[in-house]
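Working notes, structure below.
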Amino acid sequence: MKAKLKNITAMLIFGSIGLFVKSIHLSSSEIALARGVIGTAVLLTAGFLLKYKISVQALKRNFWLLTASGAAIGFNWICLFEAYKYTTISTATLCYYLAPVFVAALSPFLLKEKLTLSKGLCIALSLIGMALVADVSGGYEQSPDNMVGILFGISAAVLYAGVVLINKFFKGITAMESTTAQLGVASAVLLPYVLLTENLSAVTVEPGSAAMLAVVGVVHTGFAYLIYFSSVSELKGQTVALFSYIDPITAILLSALVLGEKMNLLQAAGAVLILGSTLFGEVAGNRRRTIRMEL
C-alpha cells in the first residue's frame, strides 16, 4: 500500500469513529480503556510479526514524557467520547480540531516559537468559527446538553494539544515506539480510573456493542495508527497536513448522511473558518520550514 493511500485510508477510518462510539452502550471511560488495551495489543502483535525491534533505552530516556502524554491521550479519548454523547459528531469533531489552535497559541511560551501575524490571524478566525459552531447567541438556552458536549470537545482538544507539544520534546524514539508506549500508558492510567468510577460488576456488554468496540480497538486504533505512522515518514509535512483534513470532513459528511445530523448556516460558516484557518496555518508553517531548510 503506497504512503498516500495509507494516509488517506487512516484519515477515513479516524473520521468514522464517532459513528461507532455512538453505538456502544458503555461509559466513555470504559470505551477508552478497551480502545487502549486492544490498540496496544494490535500494535505489539504487528511489531512482532513485522520483526520490529523496540528500543528499551529509548523508552527509558523518554519515560516521563511518555507517561504524561499517554495519560493525556487516555483522558482525551474520554472527553471526545463524552462530546459525541452530548452533541453531534460534526460539532464534537470541529471542537476537537481546535487542537492546532491551542498548539499555536502555546508554542511561543513552551517551544519559544515566534507568534507570527498569520498564526495570530488563524487563531482569531478559529475562535470566531468556534463561537459560530457553538451558537453562543442562543445555543445554550436551546440545548444545554449541546453546550456540555462542546465543552467536552474543547477539553479533548486541549488534551490533544498537550500531547502534540509533549511529543516535540521526545528524543531518539520512533513514532511506532512512542505510539505503542503511549497507548500502553493510557490503558494503565485508565484502568484504576475506571475501577474507581465505574461499577464493573454491573456492566453488561451487548453483542452489538462488543462488535463495535472490537472495531474501534482493532481498526480505528491499532490498524489506523499502524498505517498512519508508517506513511508519515514517507510523505512531506505539507501533504500530511492537507490529508489530515479528510478526517473532520469525513466525520461531518457521515454524521449528516448516516445520522441525519445537520448544521445551520452560521454553524457551517464556523466550520469553514475553523478548518480553513487551521489548514492555512499548517500549510503556511510547513512552507516556511521548507524555505528555511532550502536556504
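Summary of values
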{"item": "Difference of contour (0.36 nm per residue) and Cα-Cα distance, Leu257 to Leu111", "result": "48.5 nm"}
{"item": "Per-pair calculated FRET efficiency, R0 = 51 Å: Ala68 and Thr204 via Cβ, rounded to 0.05", "result": "0.90"}
{"item": "Residue among Ala202, Ala68, Ala210 with the largest mean-square fluctuation in a Gaussian network model of the chain, springs linking Cα atoms under 10 Å", "result": "Ala202"}
{"item": "Only Lys, Arg (+1) and Asp, Glu (-1) charged, at Cβ; segment 174-281 dipole about Cα centre in debye", "result": "220 debye"}
{"item": "When each of Lys22/Lys119; Lys2/Lys60; Lys60/Lys85; Lys4/Lys53; Lys168/Lys262; Lys4/Lys60 is checked by Cα-Cα distance, pairs over 31 Å", "result": "Lys22/Lys119; Lys2/Lys60; Lys60/Lys85; Lys168/Lys262; Lys4/Lys60"}
{"item": "Relative contact order for segment 3-294, counting Cα pairs under 8 Å that sit 6 or more residues apart, in percent", "result": "42 percent"}
{"item": "Cα centroid separation - segment 207-247 against segment 163-192, whole Å", "result": "16 Å"}
{"item": "Projected area averaged over orientations for the chain, convex hull of C-alpha atoms, nm²", "result": "16.7 nm²"}
{"item": "Pair Lys2, Ala214: separation of 7 Å Cα→Cβ label points (nm)", "result": "3.4 nm"}
{"item": "Ranked by how many other beta carbons lie within 10 Å on average, peptides 123-131, 91-99 from highest", "result": "91-99, 123-131"}
{"item": "Spacing of the two label points (7 Å from each Cα toward its C-beta) at Ala175 and Leu242, in nm", "result": "1.7 nm"}
{"item": "Total formal charge among the other residues, if their Cβ is under 14 angstrom from that of Pro108, Lys/Arg +1 and Asp/Glu -1", "result": "+3"}
{"item": "Computed lengthening from Ile249 to Leu266, 0.36 nm per intervening residue step minus Cα-Cα distance", "result": "4.4 nm"}
{"item": "Fully extended contour minus Cα-Cα distance, from Leu195 to Tyr52, at 0.36 nm per residue", "result": "48.2 nm"}
{"item": "Ordering of 155-164, 188-197 by burial proxy (mean other Cβ atoms within 10 Å per residue, highest first)", "result": "155-164, 188-197"}
{"item": "Sites matching trypsin sites (Lys or Arg not before Pro) across segment 99-138 that sit in DSSP coil, with at most 11 neighbouring C-beta atoms within 10 Å", "result": "Lys112, Lys114"}
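Every number here is computed from the coordinates shown, using simple stated rules; none is lab data. Everything quoted here is computed from the prediction, not taken from an experiment. Heads up, the Cβs are rebuilt from the backbone with ideal geometry, glycines too, and the neighbour counts pull from every protein chain shown.
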